[in-house]
Amino acid sequence: MTLSDHDKPLLGITLMLGFCLLAPFGDSLAKLLGPEMAVGQLVTLRFAFQAAILVPLTLLTGRVWRMSRGEFGFVVLRTLLHIVGISLMFSALLYLPLADAVAIAFVMPFIMLLLGYWFLGEEVGVRRFTACAVGFAGTLLVVQPAFTDVGWPALLPLGVALVFSLFMLVTRRIAGTTDPIGMQAVSALIALVLLVPVMALTPAAVLPELAWIPPGQRGWVLIALMGTAGTFAHLLMTWSLRYAPAATLAPMQYLEIPFATAVGFAIFGDLPGPLATVGIAITIGAGLYIVIRERAMFRARPPAPQAMHSGTPPAG
């Protein structure tokens with residue numbers, strides 16, 4: 001019998017902790033590079049390092065990277081959303097402290113719950129709707145002082161949350177039929193095919209965000225670290241789901257917020273203000289409540305008839 005997701009929960013949790021550490025570290029490197037390079041350049045180089053890491057890994061391990069035309073269309077859409085989401089996040093980090101940007105973007109679970117209700121017909125009760133409203137109110141407490149300080153760029157992480165919610169829905173659509181590493185390798189190549197011509201053909205005077213500024217030695221080191229951290233953070237999250245169920249791992253993701261706070265303080269000396277701290281606590285609390293409700297509802301579902309006869313778990 002092959003190992004199931006439930007066989008090594010501690011390994012799954014450890015891998016998710018690695019993601020929660022690497023993701024803010026990668027974002028902090030993007031924040032360091034932001035004043036020196038255009039956002040388009042950072043995004044392009046981020047995908048270039050993803051391709052440099054995952055394409056050889058895919059080929060060396062013999063992973064499946066071919067896909068049907070329909071799957072390829074979804075991967076293209078997923079890549080476009082990924083490009084937009086990373087661009088918005090890197091732009092937000094030009095203006096906001098790391099912890100504030102990450103905390104505001106954590107409105108994503110609430111957006112995903114609502115999108116699942118509206119477009120996928122998923123069941124959402126009154127208590128989870130209430131938790132969404134409370135969590136969004138907590139996010140607004142983080143946005144308000146940030147908006148006072150920097151203006152409209154404080155809303156950029158909300159765009160990140162919306163785009164990555166759509167990104168996750170598309171990923172869910174094709175996750176069962178595509179190899180995750182092969183898919184991310186193909187996605188990196190698609191991103192480069194889209195980004196490189198745009199970067200090369202758009203005059204910097206027309207759109208400064210797409211300017212190319214030759215990095216120095218320090219810049220290349222930070223870029224390499226950023227691309228590596230971002231790529232492996234995503235892989236750690238993917239691999240964690242092989243060894244522990246999503247219901248076990250979902251609460252762990254909220255550790256990204258305190259880790260982002262610690263990284264932001266260590267590198268930039270930034271700490272959330274009192275109002276933002278209250279908002280972060282409310283957002284985390286509401287998010288964890290939704291996770292607990294999702295877990296309780298999943299456990300309460302009767303097993304599917306096929307599962308009762310075959311001994312396999314019901315589809316989640």
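The values are calculated or read from the model by the stated rules, or taken from the named source; none is laboratory data. Keep in mind that what you see is a predicted model, and the values were worked out from it rather than measured. Every residue, glycine as well, gets a Cβ built from its backbone with ideal geometry; the counts of neighbours run over all protein chains shown. These area figures cover heavy atoms from the full protein model, side chains too; ligands, DNA and RNA do not enter into them. Shrake-Rupley method; radii C 1.70, N 1.55, O 1.52, S 1.80 Å.
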Within the range 170-201, of all residues that are over 16 Å from H234 (Cα atoms) and without any contact (Cβ under 8 Å) to a residue 60 or more places away in the chain, the one least open to solvent (accessible area, probe 1.4 Å) is P197
Reported set for the range 1-37 where residues are at pLDDT 75 or above, open to solvent by less than 50 Å² (accessible area, probe 1.4 Å), polar (S, T, N, Q) and over 18 Å from V263 (Cβ atoms) is none
The correct count of residues that are touching a residue at least 60 places away in the same chain (Cβ under 8 Å) and surrounded by fewer than 17 Cβ atoms within 10 Å (Cβ to Cβ) in the range 141-154 is 1
Exception for T261 within (1) open to solvent by less than 40 Å² (accessible area, probe 1.4 Å); (2) polar (S, T, N, Q); (3) modelled with pLDDT under 85 falls at (3)
Restricting the range 38-86 to residues that are over 22 Å from the mean Cα position of the chain (by Cα) and of a type in the set (G, A, S), the one surrounded by the fewest Cβ atoms within 10 Å (Cβ to Cβ) turns out to be G62
